[in-house]
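To start, the structure under review is shown below, and the notes come after it.
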Amino acid sequence: MTILIKNGTVVSSTGSYSADVLIDGETIAAVIAPGDRSLGDLEASAEKVIDAAGKYVIPGGVDVHTHMELPFGGTFASDTFETGTRAAAWGGTTTIIDFAVQKQGERVQDSLAAWHAKADGECAIDYGFHQIIGGVDDESLKAMDELVAEGITSFKLFMAYPGVFYSDDGQVLRAMQTAANNGSTIMMHAENGIAIDVLVQQALAAGNTDPKYHGLTRPWETEAEATNRAIMLAKMTGTPLYIVHMSAKQAVKVVQDARDEDLNVFGETCPQYLYLSLEDHLSQPGFEGAKYVCSTPLRAKAEHHQEELWRYLRTNDLSIVSTDHCPFCMKEQKELGLGNFAKIPNGIGSVEHRMDLIYQGVVDGEITLERWVEITATTPARMFGLYPRKGIIAPGSDADVVVYDPAARTEIGLHKKHHMNMDHAAWEGFDIDGKVDTVLSRGKVVIENDAYTGTKGHGQFLKRGMNQYLT
Ligand code: URP
Ligand code: ZN
Ligand code: ZN
């Protein structure tokens, strides 16, 4: 099918300009300047014309941090690949990279096969995988090399969650050495899990069981210390290091210092750390704060982390905003932690709202329109080996395109815009000055006229290349 998106403003990471976009089948065939004499003919021959007058035409969002069906705390994240990728499409995200999970004692290849079994044939949009290595040993290190050949070019390690996903410093070092050899990128959950566990036991012994103690037992020092340690270990090995879900300004300062030294160190933050806080959300009365339990935790507004995170996004010390989408219902899931905050499954659902929430940063003057596209689509694609297939509107790229309407509004809430498989919305009451209007995934219209027109199974698995930012 040929589709012409006409009269819009195409936004890339480097500029915005008036152009029409011609799509032929699954790819972008041409980006055409207004007034081009061939336009009339193209319009006449296009099978579908989308009028984007007054709207932005941007590359589909690339969310490189999701957890569909993640096993956590005795339950599973509530979105399947079917429901989660459909919700992503509603929000203008056309690619996700999810985490396959290897636990100690399990073969890495088996865990990857299990993730394929969950996702293949289920997704509305394209998807790739990172691999979590939860048990670093000779066999799993060897498997890392094999996976690179299969397009899994990034591996997540945890300095948190002792007894679950945790790796000690020796294991981290060995995995980093392996990554340095095979060219892949290490993604790090940087929190000092051993220290946190002591603080958690002390809080519980003192009768402090409410959700807010999840945040109070994970002070910023535990994030900054682990971030520094991860960077030092990475520096010893030469591996590229990507620190996930950063919330503490002091930790990002450590990343900034490493980047100033020209190290291949990158930082990611998430919408929850830019908008939600310990005081206003995690400390809500009763058990309401459980909705906002995630790790790293929401930080104190009074400490001005949010302003600093936006600033670090402007200076590129934070390179990417992903969601860390990890939804749990209150009923029977978050409720597992009634009377004990340490048993609340960690995670917030946001895959549907990232593009809108970060666009609000454009409206609020925090970032430019171009930076919005860069941190939500272009950089994620380049960081994880998908560019220029994804993350840009250019001839030959996949026709993953979002028409975004700056004149419309999006009201987020369980009974408003909400398509994730959750019984509550962490973003209840957030209203955005902008709206995802039309979404195409590889040339197929998946959202149009406030309706989902995609299909389960349209999404293809993406074999990824290497990180394209290495110096
Ligand atoms: O709270 C979080 N972040 N849940 C998902 C697991 C992880 O650490 O990314
Ligand atoms: Zn994590
Ligand atoms: Zn995560």
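The values are calculated or read from the model by the stated rules, or taken from the named source; none is laboratory data. Please read these numbers as outputs of a predicted model, since none were measured by experiment. Backbone-built Cβ (ideal geometry, glycine too); neighbour counts: all protein chains shown.
Identify the residue in the stretch 1-23 that is surrounded by fewer than 18 Cβ atoms within 10 Å (Cβ to Cβ) and free of Cβ contacts under 8 Å to residues at least 24 places away in the same chain and, among all such residues, is farthest from residue 378 (Cα to Cα).
For the stretch 1-23, the residue satisfying everything is 18.
Only residues that are in a loop (DSSP other than H, G, I, E, B) and either free of Cβ contacts under 8 Å to residues at least 24 places away in the same chain or over 18 Å from the mean Cα position of the chain (by Cα) (or both): list them for the stretch 281-311, please.
Residues satisfying the conditions are 283, 284, 285, 286, 287, 299, 300, 304.
For residue 113, indicate whether it is of a type in the set (Gly, Ala, Ser) and within 16 Å of ligand 3 (Cβ to nearest atom).
Criteria not met by residue 113.
Give the residues of the stretch 393-423 that are touching a helix residue (DSSP H, G or I) at 6+ places or on another chain (Cβ under 6 Å) and part of a loop (DSSP other than H, G, I, E, B), sorted by residue number.
Selection gives 419, 420, 421.
In this structure, is residue 273 within 16 Å of ligand 1 (Cβ to nearest atom), on the phi < 0 side of the Ramachandran plot and assigned to a strand (DSSP E or B)?
It is false that residue 273 is within 16 Å of ligand 1 (Cβ to nearest atom), on the phi < 0 side of the Ramachandran plot and assigned to a strand (DSSP E or B).
Go over the candidates 35, 73 one by one and state the one that is among the small types (Gly, Ala, Ser) and either buried (at least 24 other Cβ atoms within 10 Å of the Cβ) or within 16 Å of ligand 2 (Cβ to nearest atom) (or both).
Sole residue among the options that is among the small types (Gly, Ala, Ser) and either buried (at least 24 other Cβ atoms within 10 Å of the Cβ) or within 16 Å of ligand 2 (Cβ to nearest atom) (or both): 73.
May I ask you to say which residue of 408, 394, 377 is at pLDDT 95 or above and under 19 Å from the mean Cα position of the chain (by Cα)?
377 is the lone residue from the list that is at pLDDT 95 or above and under 19 Å from the mean Cα position of the chain (by Cα).
Let me spell it out: the conditions are (1) touching a residue at least 40 places away in the same chain (Cβ under 8 Å); (2) surrounded by fewer than 16 Cβ atoms within 10 Å (Cβ to Cβ), and residue 450 meets all of them except one. Which number is the exception?
So residue 450 meets the others, but not (1).
Tell me yes or no: at least one residue of the stretch 142-163 is hydroxyl-bearing (Ser, Thr, Tyr) and at positive phi.
yes
I'm checking my understanding of the structure. Among residues of the stretch 87-105 that are within 16 Å of ligand 1 (Cβ to nearest atom) and under 13 Å from the mean Cα position of the chain (by Cα), which one is surrounded by the most Cβ atoms within 10 Å (Cβ to Cβ)?
96
Taking the stretch 411-445 as the search range and keeping residues that are among the β-branched types (Val, Ile, Thr) and over 20 Å from the mean Cα position of the chain (by Cα), which one is surrounded by the most Cβ atoms within 10 Å (Cβ to Cβ)?
Among those that are among the β-branched types (Val, Ile, Thr) and over 20 Å from the mean Cα position of the chain (by Cα), it is 438.
Confirm whether residue 327 is buried (at least 23 other Cβ atoms within 10 Å of the Cβ) and more than 26 Å from residue 465 (Cα to Cα).
Yes, satisfied.
So, in the stretch 451-471, how many residues would count as being over 21 Å from residue 79 (Cα atoms) and more than 21 Å from the chain's Cα centre (by Cα)?
Within the stretch 451-471, residues that are over 21 Å from residue 79 (Cα atoms) and more than 21 Å from the chain's Cα centre (by Cα) number 1.
Of all residues in the stretch 220-246, how many are away from ligand 1 (no atom under 16 Å from the Cβ) and closer than 13 Å to residue 160 by Cβ?
Residues in the stretch 220-246 being away from ligand 1 (no atom under 16 Å from the Cβ) and closer than 13 Å to residue 160 by Cβ: 2 in total.
List pairs: first residue in the stretch 326-347 and under 28 Å from residue 96 (Cα atoms) and assigned to a loop (DSSP other than H, G, I, E, B), second residue within 15 Å of ligand 2 (Cβ to nearest atom) and of a type in the set (Asp, Glu) anywhere in the structure, Cβ distance under 9 angstrom, at least six positions apart or on different chains.
347/324
Condition first: closer than 24 Å to residue 54 by Cα and among the small types (Gly, Ala, Ser). Now tell me which residues in the stretch 402-432 satisfy that.
Scanning the stretch 402-432 gives 407, 408.
Collect the residues in the stretch 301-360 that are hydroxyl-bearing (Ser, Thr, Tyr) and either away from ligand 3 (no atom under 16 Å from the Cβ) or not assigned by TED's automatic domain parsing to the domain that holds residue 125 (or both), keeping them in residue-number order.
Passing the criteria: 312, 315, 319, 359.
Within the stretch 181-188, can one find any residue that is within 14 Å of ligand 1 (Cβ to nearest atom) and surrounded by fewer than 16 Cβ atoms within 10 Å (Cβ to Cβ)?
No: zero hits.
Restricting attention to the stretch 298-354, and to residues there that are within 16 Å of ligand 2 (Cβ to nearest atom) and among the hydroxyl-bearing types (Ser, Thr, Tyr), which single residue is farthest from residue 253 (Cα to Cα)?
Within the stretch 298-354, the match that is farthest from residue 253 (Cα to Cα) is 350.
Being among the charged types (D, E, K, R) and either within 14 Å of ligand 1 (Cβ to nearest atom) or within 13 Å of the chain's Cα centre (by Cα) (or both) is the filter here; which residues of the stretch 312-327 pass it?
Across the stretch 312-327, the qualifying residue is only 324.
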